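See structure below.
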Amino acid sequence: MADERLIVALDVHTMDDVKKLVDELGDAVSYYKVGMELYYSVGEAVLDYLSEKGKKIFLDLKLHDIPNTVAGGLCSLLSHHVTMMNVHASGGYTMMKMAAERLREAAKKANVEQPKLIAVTILTSMSDDDWKEMGETEPIKERVVRLARLAKKAGLDGVVASPNEASLIREACGKDFLIVTPGIRPAGSSTDDQSRIATPRSALESGATSIVVGRPIRAAANPREAAKRIIEEMGGAAVK
């Protein structure tokens, strides 16, 4: 059985690439992230394909605009049966609150299961130097926790944050709050363009509910074996 705490990032450009990776991973993976790179390339076709395959979908479009536009954008995606969507917490309380309320109302009206709605805090590629270059003086960790509290107050289900902040968010926002952590690199692998990273096991031990893994699986000589090793490193059940 696949471990749903593992979300594999489909950071590819074509449906052929999607189908190849999903077929290679088979029943070892049941949850996939569709980001801007893929969605802007192939559109809704990838959502329909993953849904038909019985996979869960994290649609990672990081919406950030005026409240009405963000809420409308989320609602327009309801027909594709995604499991989770996100917005940028820096869009503010009003934007997040309207998004959560409108999404809940639209799902009820359409009689479909409401996707989880989470907020991006600070991108995991952001280093301390990058942060300071933006004129920020508040430590990244403090800002992340503040944004997480704001997302919870607005009625969202959780946040996207680096593993470094997971324990602080868990303490601030409680046991039922979702914490999705990118920037996951198995022991011994390359950091690539991520700055605030952790291993699968340490991220979960810090309070993460899900981990997002891309290149360490996608670029592996045998993606299925790479996914199996990560699941084992997470402490999940072995996948044959």
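The values are calculated or read from the model by the stated rules, or taken from the named source; none is laboratory data. Being a predicted model, the structure only gives us computed values, none of them experimental. Here Cβ is always computed from backbone atoms with ideal geometry, including for glycine, and neighbour counts include all displayed protein chains. In case anyone asks, the SASA skips ligands and DNA or RNA and just uses the protein heavy atoms, side chains included. Shrake-Rupley method; radii C 1.70, N 1.55, O 1.52, S 1.80 Å.
Magnitude of the charge dipole for segment 25-175, about its Cα centre and with charges confined to Cβ atoms of Lys, Arg (+1) and Asp, Glu (-1), is about 700 debye. Computed from the Cβ-Cβ distance with R0 of 35 Å, the FRET efficiency linking Lys141 to Ala219 stands at 0.70.
Between Asp128 and Arg149, the contour length at 0.36 nm per residue exceeds the Cα-Cα span by 5.4 nm. Here the chain exposes an accessible surface that is 49 percent carbon and sulfur, computed with a 1.4 Å probe and the other protein chains kept in place. Near Lys62, the amide H atoms lying under 5 Å from its own belong to Asn86; only residues 5 or more places off or on other chains count, and H is placed 1.01 Å from N.
Potential lengthening of the chain between Asp16 and Met36 amounts to 5.5 nm, from the contour at 0.36 nm per residue minus the alpha-carbon distance.
Relative contact order, whole percent, for the chain stands at 19, derived from Cα pairs under 8 Å and 6 or more residues apart.
Going by the alpha-carbon gyration tensor, a ≥ b ≥ c the square roots of its eigenvalues, is segment 148-188 rounded (a/c under 1.5) or, if a/c is not under 1.5, prolate (a/b greater than b/c) versus oblate?
Since a/c reaches 1.5 and a/b is larger than b/c, the shape of segment 148-188 is classed as prolate.
With coordinates expressed along the principal axes, the C-alpha atoms belonging to segment 1-77 extend over 40, 25, 19 Å, beginning with the largest.
Express as a percent, rounded to the nearest 5, the fraction of DSSP beta bridges in the chain (both residues included) that run antiparallel.
Details: 0 of 27 bridges.
Close to 0 percent.
The mean sequence distance of close C-alpha pairs (under 8 Å, at least 6 residues apart), as a share of the length of segment 18-74, puts its relative contact order at 37 percent. The slack in the chain from Lys109 to Glu233, taken as 0.36 nm per residue of separation less the alpha-carbon distance, amounts to 40.5 nm. Taking all protein chains into account, the per residue accessible area for segment 1-140 stands at 49 Å² (1.4 Å probe).
Under the classification rounded if a/c is under 1.5, otherwise prolate if a/b is larger than b/c and oblate if not, where does segment 1-140 fall, given a ≥ b ≥ c as square roots of the Cα gyration tensor eigenvalues? Since a/c reaches 1.5 but b/c is at least a/b, the shape of segment 1-140 is classed as oblate. Distance distribution P(r), segment 60-169, all Cα-Cα pairs, bin width 10 angstrom from 0: 15, 45, 29, 10, 1 percent.
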